[in-house]
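Chemist: Quick one: the structure is below, and I'll ask about it shortly.
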Amino acid sequence: MTTLGSMIDGFARIRERARGRKLLLEMDARLLKDIGISRDIAAAEAAKPWWRD
């Protein structure tokens, strides 16, 4: 893969992580329970900076 391709893939992963974290904040208690995490864990995950995995 080219350097440009690697950069594009990296940005796509960062964007997807940010999207997932935003979605966690939007989930209600029932959905969070279904996926096995608490509101506190969801908030902690959503608060992570964009560069953290």
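Residue by residue, here is whether (1) part of a helix (DSSP H, G or I); (2) touching an Asp or Glu at 6+ places or on another chain (Cβ under 6 Å); (3) at pLDDT below 95 holds:
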| residue | (1), (2), (3) |
| --- | --- |
| I14 | yes, no, yes |
| L31 | yes, no, no |
| I37 | no, no, no |
| A42 | yes, no, no |
| K48 | no, no, yes |
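Chemist: Can you tell me which residue is surrounded by the fewest Cβ atoms within 10 Å (Cβ to Cβ) among those in region 38-47 that are of a type outside the set (D, E, K, R) and closer than 22 Å to I14 by Cα? Walk me through how you get there before you give the answer.
Modeler: Step one: of region 38-47, the residues of a type outside the set (D, E, K, R) are 38, 41-44, 46-47.
Of the ones still in play, those that are also closer than 22 Å to I14 by Cα are 41-44, 46-47.
On the way: I41: 12, A42: 20, A43: 12, A44: 12, A46: 15, A47: 10.
Here the answer is A47.
The values are calculated or read from the model by the stated rules, or taken from the named source; none is laboratory data. As the structure is a prediction and not an experimental result, all values here were calculated from the model. When we count neighbours, we look across all protein chains shown, and the Cβ atoms used for this are built from the backbone with ideal geometry, even at glycine.
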